[in-house]
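Structure first, then comments.
Please treat every number below as a calculation from the coordinates, not as lab data. Quick caveat, the model's predicted, so the values are computed rather than measured. For neighbour counting, all protein chains shown are included, and Cβ atoms are generated from backbone atoms with ideal geometry for every residue, glycine included.
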Amino acid sequence: MSQSPLYSSPLSKPHLRVVGATPPRPAIYSAPRNAEGRLMVAEPPPPPTVEAARLHRKQRLAASFRLFARYGFDMGGAGHITARDPEFPDQFWVNPAGVYFGHIRVSDLLLVSHDGEILHGDGLLNRAAFAIHSELHKARPDVVAAAHSHALWGKAFSAQGRLLDPLTQDSCAFYGDHVIFADYSGVVLDSSEGARIAQTLGKHKAAILQNHGLLTVGNSVESAVWRYIAMENAAQTQLISEAAGPTKPLSHAVALHTASQIGSDTGSWYSFQPLWDVVTREEPDLFD
């Protein structure tokens, strides 16, 4: 029997910091419950209008850059997260080049066409972001968001040219559902290399770009970004464990079963919610 999605949450309103006001409740508290008080098994409902859906994605995208800054996933001008526009599927929102992740606001985001034209926003377009993400969004109409950065542990693990082992429950989220792109040829500025990355990724949720870093995708901004955070953590865990001594990976059967339990888009969406609560409460200027 296929697994059902786990949780539901309506579109959250911006969290405004007002002196003396009651802090906003965690987003997951607003999820619907059944008569017994259990969280209902349902997909997060879509925002009611295309304008609301666009704002929803842009807010999560801005918050995601703040989170990447908190986790130390910023490395100079490297790194980008994109979100497909809900009205125009051949356009996506992306961070402007040269802006610190921890300062990105909703109003800073750029809307870019698959031809590389900036349709909205005043910043500079990262050409590597365009080369990779435009081809990903073309090849994967099911993908809403994609995340890539040059974070330390993922970058170190990528130099080994191998897949993650199922060493822990958390790393099993990627078991059988990630690939290696071994055709690194320099900074990705040509769309043809972006197309090769998309082809290698296929229908998988993540790729290890050899000698480069990690790349994750999802059917929401939340799921793509949580997957990046989780994959970076899995790479760190494996490198530390192997440095300590021989490891004992889980069996194929157990790893595959665990992947079916924790590897879904909805599970990743749910795991993102506490991070959303933290960054929006502490950094409400991201909504500007």
Just grab the label-to-label distance for S260 and S192, each label 7 Å out from Cα along the Cβ direction, in nm (one decimal).
4.3 nm
Spin-label proximity, R25 to region 246-288 - amide N less than 20 Å from point 7 Å beyond Cα toward beta carbon:
270-282
Dipole check, the chain, charges on Cβ (K,R +1; D,E -1), about Cα centroid: among I229, S260, F73 the Cα furthest to the positive pole belongs to S260
Say a paramagnetic label sat at a point 7 Å from the Cα of R162, along Cα to Cβ; which residues of region 241-284 have their backbone N under 15 Å from it?
241-250
On each of the three principal axes of the Cα atoms of the chain, give max minus min coordinate, whole Å, ordered largest first.
53, 51, 36
At 4 °C and 1.567 mPa s, grab the translational diffusion coefficient of region 55-120 from Stokes-Einstein with a Kirkwood Rh over Cα pairs, rounded to a whole number in µm² per second.
108 µm²/s
Can you return the aspartates and glutamates within cross-link range of K248? Criterion is Cα-Cα under 14 Å, with same-chain partners fewer than 8 residues away left out.
D165
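Where in the chain are the DSSP H helices whose alpha-carbon span along the long axis reaches 20 Å or more and whose Kyte-Doolittle mean is at least -1.0? Intermediate results must be reported in sequence, preceding the final value.
Numbers: long enough: 50-71 (31 Å, -0.39); 221-244 (35 Å, 0.16); 265-282 (26 Å, -0.64).
Qualifying helices: 50-71, 221-244, 265-282.
Calculate the FRET efficiency for S241 and H204 from the Cβ-Cβ distance with a Förster distance of 22 Å, rounded to the nearest 0.05.
On the way: r = 24 Å, r/R0 = 1.07.
Once rounded, the FRET efficiency stands at 0.40.
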Region 159-288 - convex hull of the alpha-carbon atoms, volume per residue in Å³:
139 Å³
Given the chain, what percent of its DSSP beta bridges are antiparallel, to the nearest 5?
85 percent
With the 8 Å Cα cutoff and a minimum separation of six or more residues, the chain has a relative contact order in percent of 22 percent
